[in-house]
1. Give me the one-decimal nm value for the distance between modelled label points at A122 and V5, 7 Å along each residue's Cα-to-Cβ direction.
2. For region 74-172, what ratio Rg/Rh do Cα atoms give with a Kirkwood hydrodynamic radius?
3. Viscosity 0.890 mPa s, temperature 25 °C: give me the Stokes-Einstein translational D for the chain in µm²/s, with Rh taken as the Kirkwood radius over C-alpha pairs.
4. Return the lysines within reach of K120: Cα separation strictly under 25 angstrom, same-chain partners fewer than 8 residues apart disregarded; answer none if there are no such residues.
5. With charges only on Cβ, +1 for K and R and -1 for D and E, what is the dipole size of region 93-188 about its Cα centre, in debye, rounded to 20?
6. Report, ordered by chain and residue number, the lysines lying within cross-link reach of K55, taken as a straight Cα distance under 18 Å and ignoring same-chain residues fewer than 8 apart.
7. Quick one: putting +1 on the C-beta of Lys and Arg, -1 on the C-beta of Asp and Glu, what dipole do you get for the chain around its Cα centre, in Debye to the nearest 20?
8. How large a share of the accessible area of region 57-151, in percent, is made up of carbon and sulfur atoms when the probe is 1.4 Å and the other protein chains stay in place?
Amino acid sequence: MRLRVHALTDVGRERAQNEDSLHTWRDEHTDVLVVCDGMGGHEAGEVASAIAVEKLIEELAGGAPMREALVDANEAVVGESRARGTPTMGTTAVCARRAGATLEVGWVGDSRFYLFRDGKIASRSVDHSRVQKLVELGFLTPEQARNHADSHVLIQALGGGPGAQSAFDPSDFSVSIEKGDTLLLCSDGLYDMVEDEA
């Protein structure tokens, strides 16, 4: 099984510079996909996302376990933020590695993974955000969370300062993929504009 990969990034209408980074890597048996979204409003978000993408590609292409790769990427971003004196430098990350029909997915923050099968969402990552926790606890509905004032307050990130680091615990899962599936890795710049169903 081979993946056909397409990538697109755009600065959008809110910021002067693009803080997203993405990269793909493949050999005869494996595909690795990584998307990182530097944290807007924080120092050097574009640097954090570039460092994270580079480290994740290196680790995942080298066969590292998904969670280990995310932990190592976090350490790389934290180390660079200390060296630069930019303590809140951070990024979200979502990555996937395919070997055969097995896809490993990992993420930190609110960049997302979607698996579409037969025109429907078959699987999706769950954001590391304040409002997602409120949804899980039953205080908000998903519809209320989408338009909530704190919808982009993260409880985890790669880097991002002490708050994001205090609960650092990357998420991951594996899923079987089939011919005809569509995989989507994206930042909030996409899913803020369109509903999941769209």
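The values are calculated or read from the model by the stated rules, or taken from the named source; none is laboratory data. These numbers come from a predicted model, not from an experiment. As a convention, Cβ positions derive from the backbone with ideal geometry for all residues, glycine included, and neighbour counts pool all protein chains shown. Keep in mind that these areas ignore ligands, DNA and RNA; they rest on the heavy atoms of the full protein, side chains included. Shrake-Rupley method; radii C 1.70, N 1.55, O 1.52, S 1.80 Å.
1. 2.0
2. 1.03
3. After rounding, the answer is 145 µm²/s.
4. K133, K179
5. Using only the charged Cβ atoms, the result is roughly 180 debye.
6. Output for K55: empty list, no partners.
7. Approximately 160 debye in magnitude.
8. 51
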